[in-house]
Amino acid sequence: MYRSFKQECPTGTVNEATFRRIYTHFFPYGDVSPYAHCVFRAFDIRHNGVINFEDLVLGVSSLSRGSVPDKLRWVFTLYDADGDGVISRGELRDVVMAVHRLSPHGNLLSSKTIPDMMPSPSTTNSAAAMAERRNHEMFAERHADRIFQKLDINCDGQVTWDEFLETCTKDETIANTMANMDVAL
(Lines give C-alpha, C1' and ligand atoms only; values in the text may rest on other atoms or scores of the structure.)
Protein backbone atom coordinates (compact mmCIF):
# COMPACT_ATOMS: atom_id res chain seq x y z
CA MET A 1 0.00 0.00 0.00
CA TYR A 2 2.85 2.35 0.87
CA ARG A 3 4.63 1.62 -2.42
CA SER A 4 1.46 2.40 -4.37
CA PHE A 5 0.98 5.62 -2.41
CA LYS A 6 4.58 6.73 -3.02
CA GLN A 7 4.28 5.85 -6.70
CA GLU A 8 1.18 8.04 -7.11
CA CYS A 9 2.39 10.67 -4.63
CA PRO A 10 6.21 10.82 -4.64
CA THR A 11 6.23 13.82 -2.30
CA GLY A 12 4.57 11.73 0.41
CA THR A 13 1.38 13.77 0.34
CA VAL A 14 -1.56 14.10 -1.99
CA ASN A 15 -3.51 17.27 -2.59
CA GLU A 16 -7.16 17.35 -3.59
CA ALA A 17 -6.52 17.73 -7.33
CA THR A 18 -4.28 14.67 -7.40
CA PHE A 19 -6.72 12.75 -5.19
CA ARG A 20 -9.51 13.60 -7.64
CA ARG A 21 -7.37 12.41 -10.57
CA ILE A 22 -6.70 9.11 -8.79
CA TYR A 23 -10.40 8.75 -8.01
CA THR A 24 -11.29 8.96 -11.71
CA HIS A 25 -9.72 5.50 -12.11
CA PHE A 26 -12.45 4.06 -9.88
CA PHE A 27 -15.33 5.88 -11.60
CA PRO A 28 -14.20 6.60 -15.17
CA TYR A 29 -17.64 7.42 -16.55
CA GLY A 30 -19.14 9.51 -13.78
CA ASP A 31 -18.38 12.93 -12.33
CA VAL A 32 -15.99 12.19 -9.45
CA SER A 33 -15.20 15.76 -8.43
CA PRO A 34 -17.94 16.31 -5.82
CA TYR A 35 -17.53 12.91 -4.14
CA ALA A 36 -13.73 12.99 -4.28
CA HIS A 37 -13.95 16.37 -2.52
CA CYS A 38 -16.09 14.86 0.27
CA VAL A 39 -13.81 11.85 0.72
CA PHE A 40 -10.66 13.99 0.58
CA ARG A 41 -12.07 16.28 3.27
CA ALA A 42 -12.84 13.26 5.49
CA PHE A 43 -9.29 11.91 5.09
CA ASP A 44 -7.69 15.35 5.62
CA ILE A 45 -7.85 15.07 9.41
CA ARG A 46 -5.34 17.90 9.94
CA HIS A 47 -7.37 20.23 7.67
CA ASN A 48 -4.21 21.36 5.89
CA GLY A 49 -5.20 20.58 2.30
CA VAL A 50 -3.08 17.44 1.95
CA ILE A 51 -3.34 13.81 2.94
CA ASN A 52 -0.23 11.95 3.96
CA PHE A 53 0.15 8.18 4.15
CA GLU A 54 -0.64 8.13 7.87
CA ASP A 55 -3.92 10.03 7.32
CA LEU A 56 -4.88 7.56 4.61
CA VAL A 57 -4.01 4.50 6.70
CA LEU A 58 -5.91 5.81 9.73
CA GLY A 59 -9.04 6.38 7.66
CA VAL A 60 -8.82 3.10 5.78
CA SER A 61 -8.08 1.21 9.00
CA SER A 62 -11.09 2.76 10.67
CA LEU A 63 -13.29 1.76 7.74
CA SER A 64 -11.96 -1.75 7.27
CA ARG A 65 -10.89 -2.88 10.72
CA GLY A 66 -12.74 -0.59 13.09
CA SER A 67 -15.83 -1.35 15.10
CA VAL A 68 -19.23 -0.43 13.69
CA PRO A 69 -19.19 2.85 15.67
CA ASP A 70 -15.68 3.61 14.33
CA LYS A 71 -16.87 3.10 10.76
CA LEU A 72 -19.97 5.16 11.37
CA ARG A 73 -17.86 7.95 12.89
CA TRP A 74 -15.84 8.15 9.68
CA VAL A 75 -19.03 8.21 7.60
CA PHE A 76 -20.46 10.90 9.89
CA THR A 77 -17.29 12.94 9.24
CA LEU A 78 -17.82 12.47 5.51
CA TYR A 79 -21.29 14.05 5.81
CA ASP A 80 -20.38 16.76 8.34
CA ALA A 81 -18.74 19.06 5.80
CA ASP A 82 -18.21 22.05 8.07
CA GLY A 83 -17.03 19.97 11.02
CA ASP A 84 -19.52 21.49 13.46
CA GLY A 85 -20.56 18.11 14.89
CA VAL A 86 -23.96 17.96 13.19
CA ILE A 87 -25.16 17.05 9.72
CA SER A 88 -27.47 19.55 8.09
CA ARG A 89 -29.99 18.67 5.40
CA GLY A 90 -27.79 20.51 2.88
CA GLU A 91 -24.65 18.61 3.88
CA LEU A 92 -26.42 15.29 3.55
CA ARG A 93 -27.93 16.32 0.23
CA ASP A 94 -24.51 17.36 -1.10
CA VAL A 95 -23.01 13.94 -0.36
CA VAL A 96 -26.00 12.05 -1.76
CA MET A 97 -25.87 14.18 -4.90
CA ALA A 98 -22.11 13.56 -5.16
CA VAL A 99 -22.63 9.79 -4.93
CA HIS A 100 -25.40 10.08 -7.48
CA ARG A 101 -23.07 11.83 -9.92
CA LEU A 102 -20.51 8.98 -9.77
CA SER A 103 -22.68 6.95 -12.09
CA PRO A 104 -22.86 7.86 -15.76
CA HIS A 105 -26.62 7.51 -15.43
CA GLY A 106 -26.81 9.15 -12.02
CA ASN A 107 -28.78 6.20 -10.68
CA LEU A 108 -26.57 4.64 -8.00
CA LEU A 109 -29.09 5.48 -5.33
CA SER A 110 -31.43 2.61 -6.05
CA SER A 111 -30.78 -1.04 -6.73
CA LYS A 112 -33.97 -1.09 -8.79
CA THR A 113 -33.96 0.04 -12.37
CA ILE A 114 -36.28 2.95 -12.87
CA PRO A 115 -36.91 3.02 -16.62
CA ASP A 116 -38.08 6.62 -16.81
CA MET A 117 -35.01 7.75 -14.84
CA MET A 118 -32.49 6.05 -17.13
CA PRO A 119 -31.21 8.06 -20.08
CA SER A 120 -32.16 6.61 -23.42
CA PRO A 121 -29.38 5.89 -25.92
CA SER A 122 -31.17 8.00 -28.52
CA THR A 123 -31.09 11.16 -26.42
CA THR A 124 -29.21 13.66 -28.52
CA ASN A 125 -31.25 16.79 -27.85
CA SER A 126 -29.46 18.94 -25.29
CA ALA A 127 -32.79 20.15 -23.86
CA ALA A 128 -33.85 16.54 -23.36
CA ALA A 129 -30.48 15.71 -21.79
CA MET A 130 -30.82 18.68 -19.43
CA ALA A 131 -34.34 17.54 -18.49
CA GLU A 132 -33.06 14.02 -17.81
CA ARG A 133 -30.27 15.38 -15.65
CA ARG A 134 -32.76 17.47 -13.69
CA ASN A 135 -34.92 14.36 -13.20
CA HIS A 136 -31.88 12.52 -11.85
CA GLU A 137 -31.11 15.42 -9.52
CA MET A 138 -34.69 15.53 -8.26
CA PHE A 139 -34.54 11.77 -7.62
CA ALA A 140 -31.32 12.22 -5.63
CA GLU A 141 -32.78 15.15 -3.68
CA ARG A 142 -35.88 13.14 -2.73
CA HIS A 143 -33.63 10.26 -1.69
CA ALA A 144 -31.55 12.61 0.46
CA ASP A 145 -34.69 14.04 2.05
CA ARG A 146 -35.94 10.54 2.97
CA ILE A 147 -32.56 9.68 4.53
CA PHE A 148 -32.49 12.96 6.45
CA GLN A 149 -36.00 12.43 7.83
CA LYS A 150 -34.98 8.99 9.04
CA LEU A 151 -31.80 10.27 10.70
CA ASP A 152 -33.24 13.44 12.27
CA ILE A 153 -34.95 11.62 15.14
CA ASN A 154 -36.01 14.74 17.07
CA CYS A 155 -36.96 16.68 13.90
CA ASP A 156 -34.85 19.72 14.78
CA GLY A 157 -33.33 20.11 11.32
CA GLN A 158 -29.94 18.65 12.15
CA VAL A 159 -28.51 15.20 12.78
CA THR A 160 -26.24 14.81 15.78
CA TRP A 161 -23.70 12.04 16.20
CA ASP A 162 -26.00 10.33 18.73
CA GLU A 163 -28.96 10.40 16.31
CA PHE A 164 -26.77 9.13 13.48
CA LEU A 165 -25.32 6.32 15.58
CA GLU A 166 -28.73 5.29 16.97
CA THR A 167 -30.44 5.25 13.58
CA CYS A 168 -27.63 3.47 11.78
CA THR A 169 -27.12 0.79 14.43
CA LYS A 170 -30.85 0.09 14.63
CA ASP A 171 -31.17 -0.21 10.85
CA GLU A 172 -30.29 -3.82 10.08
CA THR A 173 -29.13 -3.12 6.52
CA ILE A 174 -26.80 -0.29 7.57
CA ALA A 175 -25.46 -2.19 10.59
CA ASN A 176 -24.74 -5.27 8.45
CA THR A 177 -23.08 -3.16 5.76
CA MET A 178 -20.82 -1.50 8.34
CA ALA A 179 -20.00 -4.80 10.05
CA ASN A 180 -19.04 -6.40 6.73
CA MET A 181 -17.27 -3.40 5.21
CA ASP A 182 -13.80 -4.08 3.99
CA VAL A 183 -11.83 -1.42 2.19
CA ALA A 184 -9.17 -2.59 -0.20
CA LEU A 185 -6.81 -0.14 -1.85
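The values are calculated or read from the model by the stated rules, or taken from the named source; none is laboratory data. If you're wondering where the values come from, they're calculated on a predicted model, not measured in any experiment. So basically every Cβ, Gly included, is an ideal-geometry build from the backbone, and we count neighbours across all protein chains shown.
Quick notes on this one:
- Yes/no for V57 being in contact with a helix residue (DSSP H, G or I) (Cβ under 6 Å, 6 or more places away or on another chain) and modelled with pLDDT under 95: no
- Answer residue from the stretch 137-185, given it is in a loop (DSSP other than H, G, I, E, B) and under 28 Å from H25 (Cβ atoms) and is modelled with the highest pLDDT among those: M181
- Close pairs (7 angstrom Cβ cut-off, 6 or more residues apart or separate chains): within 19 Å of F53 (Cα to Cα) in the stretch 18-37, crowded, with 18+ Cβ neighbours inside 10 Å and among the aliphatic types (A, V, I, L, M) anywhere: F19/A36; F19/I51; R20/V32; R20/A36; Y23/V32; Y23/A36
- Options F43, F76, F19; residue that is touching a helix residue (DSSP H, G or I) at 6+ places or on another chain (Cβ under 6 Å) and either under 17 Å from R93 (Cα atoms) or hydroxyl-bearing (S, T, Y) (or both): F76
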